[in-house]
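Just below is one structure, and these are the notes that go with it.
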Amino acid sequence: MMDSPGIMLKHLAFMATLRDFQEWWLTGFGFLLPEAAQRRLWQTPDILYIDADLDLLSARYLDAQLRQERELRIDEIRSRSEALRGRDCNVIVRLPTSRVLIKAVLLPLAAERNAREVLAFDMDRQTPFTEDRIFFDYRVIGRDVENDRLRVELILTRRDHLEPLLDQINSMGIIPHRVTVQNEGAEWNLLPAARRPAAMRLFSGRTRSLAGAALALVLAVLYVPPLTQTWRLSNLEEKVFALRAQATQARALREEYQALLARPRFLAAALDARVPVIDILNELTIRLPNNTWISQLALRGDRIELQGESGAAGAIIELLDQSGYFTDVQFSSATTKSTATNKDRFHVSARVAPRPPE
């Protein structure tokens, strides 16, 4: 345990030397290839920006090699779709800010690993939409370890806005790689996974990274000295503590998940128990005498208040008590006589029953 820091430094120095060798080997190998193949291996991909402003489309093409950006007409994109697909080009669709909703959301810190599933499950509570009506993405903007809170920025757009736009772009022979927002950077991607390009080009950046990683693994297996195994064993105890902490977080996340599952059932039961407002109004129309006028009606939670004038104000309490819709019916203030209509002014309050009568 005392020698582990020295072993770690030796290991890091060896890995740095290994990375330098990998870079040298790939560079030398590249000079042996034809010029066209070299451009495909090392050149940064071009970018085609398609801006969707309401029902109008505009496009700009960024040539990475020439470092030039120019506007393209939509009909020019359609005629050059085959050439664009043949180049190493990323297609980015940018939506106007009026077409998206961006909102900050607080989640438990343990939910970071599956934040997308948690956001999708709670979408109808966080936004006016359900998950099946929108496409969304998110990014982590802060972590409050002390209060166990994860601050997430959620962005979404309506499915019925984005799908016709993607269909229109696909009809030109173009498949977008990313859907983001104008003036908000390119890190968002609202593009559904099912509509992203299925296959990567042979010499794309990801392919080069995978090839480099494979080469590094082969060299590591051949040349990493056995001393690195000693360093791994010396850190086994720390990994056990880390796994124990992860297990605690997983338990907390499971409890949070169970609480989230119970919430919709509670809300559904509460909504089933509430009496529709139209039924309450219909019951008042039937029960109140014909010589009664309601000037003000207020419904707050399960309490209802009525103010108005009646030729038989004293009978209102009894009539509402006979209804199965109301309980605890009483005058909120003393009745008075109106000099203009010669009727009794009344103020009655009652509690709405949790369920309508059968």
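Any read-out appearing in this document is the output of simple, stated calculations on the displayed coordinates, not a laboratory observation. This is a predicted model, so every value here is computed, not measured. Don't worry about glycine lacking a Cβ; one is built from the backbone with ideal geometry, like all the others, and counts go over all protein chains shown.
Things worth noting here:
- Radius ratio Rg over Rh of region 46-201, counting only Cα atoms, Kirkwood formula for Rh: 1.02
- In a fully extended conformation the segment linking Thr339 and Ile294 would gain 14.5 nm over its present Cα-Cα distance, using 0.36 nm per residue.
- Taking a Cβ cut-off of under 12 Å around Ala334, the surrounding Lys, Arg, Asp and Glu residues balance to a net charge of +1, with basic ones at +1 and acidic ones at -1.
- Positive contributions from Lys and Arg (+1) and negative ones from Asp and Glu (-1), summed over other residues with Cβ under 15 Å from the Cβ of Val145, come out at -1.
- Asp75 versus Val140: modelled label distance in nm, points set 7 Å from Cα along the beta carbon direction: 5.0
- Between Glu153 and Leu101, full extension at 0.36 nm per residue minus the direct alpha carbon distance yields a gain of 17.7 nm.
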